[in-house]
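Take a look at the structure set out below.
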Amino acid sequence: MAAAVALTALPPQAQTTYRLILGGGPFPYEKDGSVFGNRERRLPARARGYYREYTVKTPRARNRGARRIICGGQRPTRPDTCYYTDDHYASFRPITP
């Protein structure tokens, strides 16, 4: 896994998504908040349902794009940890608030 990234170093769209996560939404995409299965096993192993995914808007993209924030924890608005990916789950960077 790549080195951690400060929230303030992420694109503005990722910072907005992170604030929406902590506030409980509303989210612009239907799949936001859905369970992330971690099928590639690039994040630490946890029970199914621990991780949830959120779309980070990509300027000029016609679809959801490749950028996501994945958060883990029992309470979605108080995640234990969050990760940023800008390459559709090929790599993850832990976010430091």
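Data overview
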quantity	calculated
Karplus-derived 3J(HN,Hα), 6.51/-1.76/1.60, for each residue of segment 31-45, Hz, glycine and proline x	7, 4, x, 6, 5, 9, x, 6, 4, 6, 6, 8, 10, x, 5
For segment 12-28, Karplus couplings with θ = phi - 60° (6.51, -1.76, 1.60), whole Hz, Gly/Pro x	x, 5, 5, 5, 5, 4, 4, 5, 4, 4, 5, x, x, x, x, 9, x
Ordering of 31-40, 81-90, 2-11 by burial proxy (mean other Cβ atoms within 10 Å per residue, highest first)	81-90, 31-40, 2-11
Given charges at beta-carbon only (K, R positive; D, E negative), |dipole| of the chain in Debye	140 debye
Charge dipole (the chain, unit charges on Cβ, about Cα centre) - positive-most of T85, V35, P97	V35
Using a Förster distance of 25 Å, the FRET efficiency for A45-A2 (Cβ separation, nearest 0.05)	0.85
DSSP beta bridges in the chain [antiparallel fraction, %, rounded to 5]	90 percent
Where N is the number of residues in the chain, Cα Rg divided by 2.2 N^0.38 Å	0.97
All-pairs alpha carbon distance profile, segment 1-55, 5 Å steps from 0, percent	4, 17, 22, 22, 24, 11, 0
Calculated [θ] (222 nm, deg cm²/dmol) that DSSP helices of n ≥ 4 give over the chain, each run adding -39,500 (n - 2.57)	-4000 deg cm²/dmol
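Computed from the coordinates by the stated procedures, all read-outs in this text should not be read as laboratory data. Owing to the predicted nature of the structure, the values given are computational and were not obtained by experimental measurement. Positions of Cβ are generated from backbone atoms using ideal geometry, with glycine treated the same way; all protein chains shown enter the neighbour counts.
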